[in-house]
Structure formats: structure tokens, C-alpha cells
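The values are calculated or read from the model by the stated rules, or taken from the named source; none is laboratory data. Because the structure is predicted, anything quoted here is derived from the model rather than measured. So basically every Cβ, Gly included, is an ideal-geometry build from the backbone, and we count neighbours across all protein chains shown.
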Amino acid sequence: MHLLKRILSKFKIGDDCWEWTAYRMPAGYGTIGDDGELLLAHRAMWTLFVGPIPKGMCVLHKCDNPPCVRPGHLFLGTYADNAHDMIAKGRYYKGVLKSERVHSAKMTWEKVMDIRSRHESGESQASIARSYGLTRQNVGCIVRRETWHETTINGCPWAE
């Protein structure tokens, strides 16, 4: 079946975003197969409704909503633009994607506060790490506030 016909049945048109309703990757981006190739849905929509994506370019979301495939919410940018967009929208901090919003994150703020409290009470980083299934190095970064910052700028508790 032609990609255009198939893609039109896989999202829901809303008042704002057009949300992908078929399979989504853990980070929320939709995917669709085409001739044995797995495509990101928002990139496929761009190609079908706006035009080709130049080599080395990314398709970014104005709405910051990964399952959105509405062409008007998408724009082209370089990899550097994509990185700046992530930082500006608070999804990236000093080389680490924003804490709880990362699909693979094991930690929550509640756990982070427990780790810091237990360490301040004298428990070793190794002991804490074992109880949470983390490495001692991860616990050390949390305790030293190299990750999981409480600072607030522009309403983003993870930005500095």
C-alpha cells in the first residue's frame, strides 16, 4: 500500500497537535515502515507534505511533542539547531538528557532526595547504589549534584 494512504490512517487530528496513534518509540516518536525501511513518522510527514529533507538536516518540533506529525509544527534544522532546541526547551543538561523525561531513566526526584538523605546520614555510596541498582559513580554524581539539579531558571528546575 502506498505510504501516503497508510500514513493518513495513523494519526489523530486534534485542535493543536496531530498525534501519531500507531507504534511509538520509547521517546515518543512515531515510526512507520516503508519498503523494508523504518521511518520516523514526523520525517515521513515532512517529506510527503512539505518536500525532501536535505542531507544532514533534522526535522524538529516547534510544539516539543514527539508524537506530533502536524507539518505546521515541524521545521528543518541542523544537528546543531536540534541540540540548541533541546537545551532551550530544557531536555538536555551538560551532556545528559533531562532526568525523569528520559524514557530509560531509573530515577525520580523522590529517589534522588532519598539518596542524598541517606548519604548525608552516613550511608556509603556503594550501599545506596546496590539498593537502587545503580553504580557507585551514578550515586556520587547525584550526591555531588552533578546530575539532578534543583536550581531554577526560567521555570526549568534542570537549567543553570
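A few points about this structure:
- Scanning the stretch 117-124 finds one or more residues that are among the acidic types (D, E), modelled with pLDDT of 90 or more, not in a helix (DSSP H, G or I) and not assigned by TED's automatic domain parsing to the domain that holds G51.
This table checks each residue for (1) surrounded by 18 or more Cβ atoms within 10 Å (Cβ to Cβ); (2) assigned to a helix (DSSP H, G or I).
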{"residue": "A22", "(1), (2)": "no, no"}
{"residue": "P26", "(1), (2)": "no, no"}
{"residue": "G33", "(1), (2)": "no, no"}
{"residue": "M45", "(1), (2)": "yes, yes"}
{"residue": "G51", "(1), (2)": "no, no"}
{"residue": "G56", "(1), (2)": "no, no"}
{"residue": "L60", "(1), (2)": "yes, no"}
{"residue": "C63", "(1), (2)": "no, no"}
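- Exclusive hit being at pLDDT 80 or above and of a type outside the set (A, V, I, L, M), set G77, G90: G77
- Filter result (surrounded by 15 or more Cβ atoms within 10 Å (Cβ to Cβ) and modelled with pLDDT of 75 or more) within the stretch 142-156: I142, V143, T147
- Looking at W46, W18, just one residue is in contact with a Cys (Cβ under 7 Å, 6 or more places away or on another chain) and not basic (K, R), and that residue is W18.
- Within the stretch 23-45, residues that are farther than 21 Å from M57 by Cβ sit with their Cβ atoms under 6 Å from residues that are of a type outside the set (S, T, N, Q) and surrounded by fewer than 15 Cβ atoms within 10 Å (Cβ to Cβ), at 6+ positions apart or across chains, in these pairs: P26/H103.
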